[in-house]
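The structure appears below as structure tokens.
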Amino acid sequence: MKYVLVTGGVVSGLGKGVTASSIGVVLKACGLRVTSIKIDPYLNTDAGTMSPCEHGEVFVLDDGGEVDLDLGNYERFLDIKLTRDNNITTGKIYQTVIDKERKGDYLGKTVQVVPHITDAIQEWIERVAKVPVDGGEGPADVCVIELGGTIGSTILVRHNNNGILDAGDIESMPFIEALGQFSYSVGPGNFCLVHVSLVPVLNVVGEQKTKPTQHSVRGLRGLGLTPNILACRSSSALDENVMEKLSRFCHVSADNIITLYDVTNIWHIPLLLKEQKAHESILKVLNLQSTARYLNLDGWTARAKLCDTLRDPVRIAMVGKYTGLSDSYLSVLKALLHASVACYKKLVVDWIPASDLEDSTKEESPDSYEAAWSLLKGADGVLVPGGFGDRGVQGKILAAKYARENNIPFLGICLGMQIAVIEYARSMMNLEDANSTEFDPDAKNPCVIFMPEGSKTHMGATMRLGARRTHFQVKDCKSAKLYGGVKYVDERHRHRYEVNPDMVSKLENAGLSFVGKDESGNRMEILELPGHPYYVGVQFHPEFKSRPGKPSPLFFGFIKASCGQLDAWLQNNLTTVASKSPVPRNIKPKPYENGNAKIRIKNGSYYANGNSVHA
Ligand code: GLN
């Protein structure tokens, strides 16, 4: 097993995760099998309890692992399926060591950070790196490890002499020590360290500044880690003399200094790495030159260019709670993007804070109310994503009602599906007090109820998590057709509440159709509203399995419907495609209208900015 460790210096938010995923992409494109591990030095055991407002979305894996959103990047970029153990946190490591200590495994020894915690980290990495994640047999060739947080800044702070240690630096220490030992034990030729750093430009002089990178590399070395490759983030390509300077002061050969300047969309990052032969540098460090084949990135090149040339917009209203940080819905945004690109449309997402649609906002802040409704009314499609808690629920209900009554394509995910059911019961069945027991435990007409899989008493273990099967009940419904006429699909779940089985027949008699259910027939998985252009609610989260070039079928259908093309598309495709998913699997760029086929690199914020819609 060969290891590529990706660390970050100077500041966070540099796009280290995207860089690490892109390194995986170029290595995979050289014919190597790649897996990945993300290390998050925080104490939480997993991301399940962390606020999406602070940390971005909680990504869910097939095995039910609730993990950092960077694992989503790896899954999407490398088209792999990771396990919960591919996300290491301080909490998990300490828990393992403490459990071992309680069992008496340390035989009377004093248990310490070094060597017990550091050993546990190394053992974890070695064990998990061997687990196949690409559907193939046996371990991958290369494991890309991303260490969260920044390193080297401790030194910077000490130089400042203000004596403040950054909290992140303290948390990272055991991992840095463990990785230093690990690089030594796996030996040269098996370990490549890529340090992602920032080269800022001072506006006044317009000069690219190397000092922060120098400091961070010095800090890294001081901690026992030697970078083989420097990946420098900057707004524009690094000047030749800046590269030379970095090479001289950081002791990294000029060939191994990669300039990662801002690009129009993140699918360009693997291309940037290829252009600068970063793969060759990595393969050389890892002694893999003879094993690797000629690098082929045709699919990525086509998609990255296509994405830049799309002009015709499709406007999607996202009616959610955490609209302040778009990373809270990162996978939903990605899935929308994958689907829009597959439909040759430029995705425009209009964020609507759900509570702004409510009557109370009309009185308190009429401008916000007007703005929210005008965005909703201008949308080609309405999406209500997953969520917890009752803030904004009424606004989401109003959005679902608007989409239903006005024949606007609607996709409700998890809470979004539950909202659609509540809205339908209230509007179409005269059950004005219909509700979810999540919001009203004493609801007289509980159309959504607590349906845990595990314990009914311990909240911590009641979530229905990970891949579960949905069996189609109706053969010619839209969702079954979009999935390619298969009998069942496995999608990922993360919820406690579900449609009340006792109310299903009443809801169906009133016109809603539950076209997908679990194997027991008790859990409603997919709803459709017959006769509507696209009114689909899903108890699962299809966004987690969407990939660039392989959009999630339900997102694809949603975007097609939002462009007014779904029915025609379904007819065309179902007559020509016998079974299997008819959703395009390999999207080729259309001819460019303006001959603008070259990769256009301009100063965009797509790469590093978590708030932008990137691939
Ligand atoms: N809060 C709802 C539940 O627990 C929906 C969860 C979600 O949207 N992920 O069932």
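Would you work out if the range 228-295 is rounded, prolate or oblate? Take a ≥ b ≥ c from the square roots of the eigenvalues of the alpha-carbon gyration tensor; rounded if a/c is under 1.5, else prolate when a/b is larger than b/c, oblate otherwise. Because a/c hits 1.5 or more and a/b fails to exceed b/c, the range 228-295 counts as oblate. For the chain, the share of DSSP beta bridges that are antiparallel, to the nearest 5, is 35%. Using R0 = 22 Å, the C-beta based FRET efficiency linking ARG469 and ASN573 works out to 0.35. Taking packing as the residue-averaged number of other Cβ atoms within 10 angstrom, the listed peptides 199-211, 246-258, 399-411 run from highest to lowest as 399-411, 246-258, 199-211.
Label-to-label distance, SER51 versus GLU519, with points set 7 angstrom from Cα along the beta-carbon direction: 4.0 nm. The calculated Kirkwood hydrodynamic radius for the chain is 25.7 Å, given to one decimal from all distinct C-alpha pairs.
Normalised by residue count, the range 14-63 yields a Cα convex hull volume of 112 Å³ per residue. Extension gain, ARG293 to PHE388, is 29.5 nm, computed as 0.36 nm per intervening residue step minus the present C-alpha separation.
The range 347-469 has equivalent-ellipsoid semi-axes of 27, 17, 15 Å, by the square roots of 5 times the alpha carbon gyration tensor eigenvalues, sorted largest first. For LYS245, give me every one of the aspartates and glutamates with a C-alpha distance below 16 angstrom, ignoring sequence neighbours fewer than eight places off in its own chain. Candidates past the 8-residue exclusion: GLU207, ASP255.
Output the 0 to 90 degree angle, nearest 10, between the alpha-carbon long axis of helix 90-103 and the longest principal axis computed from the alpha carbons of the chain. The answer is roughly 80 degrees. Residue order by solvent-accessible surface for VAL58, VAL113, VAL10 is VAL113, VAL10, VAL58, largest first, with ligands and nucleic acids left out and a 1.4 Å probe.
Modelled spin labels at ASP134 and ASN407, positioned 7 Å past Cα toward Cβ, are 4.8 nm from each other. Heavy atoms of the protein chains alone define the surface here; on that basis the range 1-159 has 37 Å² accessible area per residue at 1.4 Å probe size.
Site pair ASP312 and VAL114 shows an inter-label distance of 6.2 nm when each label is modelled 7 Å from Cα along Cα→Cβ. By accessible area, using a 1.4 Å probe on protein heavy atoms only, the chain has 49% of its surface on carbon and sulfur.
Could you compute the FRET efficiency for SER247 and PHE450, with r as their C-beta to C-beta distance and R0 at 41 Å, rounded to 0.05? For R0 = 41 Å, the calculated efficiency reads 0.10. Rolling a 1.4 Å probe across the protein heavy atoms gives the range 327-415 an accessible surface of 34 Å² per residue.
Straight-line cross-link partners of LYS277 among the lysines, defined as a Cα under 18 Å from its Cα and at least 8 positions apart when in the same chain: LYS28. A full extension of the chain between LEU202 and ASP85 corresponds to an added length of 38.0 nm, given 0.36 nm per residue minus the alpha carbon distance.
Compared with the dominant principal axis of the Cα atoms in the chain, helix 167-186 is inclined by about 60°.
Measuring between alpha carbons in the structure, the pairs from LYS481/LYS550; LYS345/LYS377; LYS377/LYS545; LYS321/LYS487; LYS362/LYS396 lying more than 26 angstrom apart are LYS377/LYS545; LYS321/LYS487.
The values are calculated or read from the model by the stated rules, or taken from the named source; none is laboratory data. Just so it is clear, the model here is predicted, and its values are computed rather than measured. Glycine also receives a Cβ, built like all others from the backbone with ideal geometry; neighbour counts cover every protein chain displayed. Accessible surface areas use protein heavy atoms only, side chains included; no ligands, DNA or RNA. Shrake-Rupley method; radii C 1.70, N 1.55, O 1.52, S 1.80 Å.
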